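Take a look at the structure below.
The values are calculated or read from the model by the stated rules, or taken from the named source; none is laboratory data. The structure displayed is predicted, hence computed values, not measured ones. Here Cβ is always computed from backbone atoms with ideal geometry, including for glycine, and neighbour counts include all displayed protein chains.
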């Protein structure tokens, strides 16, 4: 789904940038996700790992991160709260663009709870048709769940559309981005370190004076690969 569908160009109405709309967009990407294949040199600890040592029955019941959903939204003047999205910095000019954010909100799926993510989206200059494309996306995240504490990183592996400084929005510099990423995450539990890897889809929108939203769907991922940790490991 193109971002223009999510963020229609309006000059007078309030901009409808809501996390729910982003999540719907992620759901609409299922066919794209199924057709998508990772590069051959993609990291895969599952392929590289040696046979794990015997672990407790608890680690055997740990779920994959696939279908985990992050959603966060800040709307000016709204009493409804769905987490927060704070913009640390943003730039947009003829040479390129970037935006750094901190998002906090509910996490739903196999590890329900809350999440916090810090990320930076970088985009190149406009092409001949005036379109921009992301050149990098990096993020660090944590999930706080009663099932365990998950922490990890994300990096872009497929560029997405990026917009900023749209003249149709008089409020100021807007930023929207859509990226495919690899994630690498770990959970420490019951004397074991368990590693997760897979792909995720990120949708982001920031409209100064209106709203900011982030929605992410972990689109793939196998059960974690766990290794026993002996005494002395923290």
Could you say whether any residue in segment 162-173 is closer than 23 Å to residue 91 by Cβ, in contact with a strand residue (DSSP E or B) (Cβ under 9 Å, 6 or more places away or on another chain), in a loop (DSSP other than H, G, I, E, B) and modelled with pLDDT of 80 or more?
no
Considering residues of segment 178-189 that are surrounded by fewer than 22 Cβ atoms within 10 Å (Cβ to Cβ) and out of contact with any helix residue (DSSP H, G or I) (no Cβ under 9 Å at 6 or more places or on another chain) only, the residue modelled with the lowest pLDDT:
188
So if I check each of 156, 161, which one is touching a helix residue (DSSP H, G or I) at 6+ places or on another chain (Cβ under 8 Å) and farther than 24 Å from residue 192 by Cα?
161
How many residues does segment 190-219 hold that are surrounded by 20 or more Cβ atoms within 10 Å (Cβ to Cβ) and either under 16 Å from residue 147 (Cβ atoms) or modelled with pLDDT of 90 or more (or both)?
18
Any idea which residue in segment 77-111 is nearest to the chain's Cα centre (by Cα), counting only those that are surrounded by fewer than 15 Cβ atoms within 10 Å (Cβ to Cβ) and outside any strand (DSSP E or B)?
81
Among the numbered conditions (1) within 21 Å of residue 212 (Cβ to Cβ); (2) modelled with pLDDT of 90 or more, tell me where residue 92 comes up short.
(2)
Please verify whether segment 108-120 includes one or more residues that are touching a residue at least 12 places away in the same chain (Cβ under 8 Å) and out of contact with any strand residue (DSSP E or B) (no Cβ under 7 Å at 6 or more places or on another chain).
yes
Subset of segment 114-137 [part of a strand (DSSP E or B) and farther than 17 Å from residue 85 by Cβ]
122, 123, 132, 133, 134, 135, 136
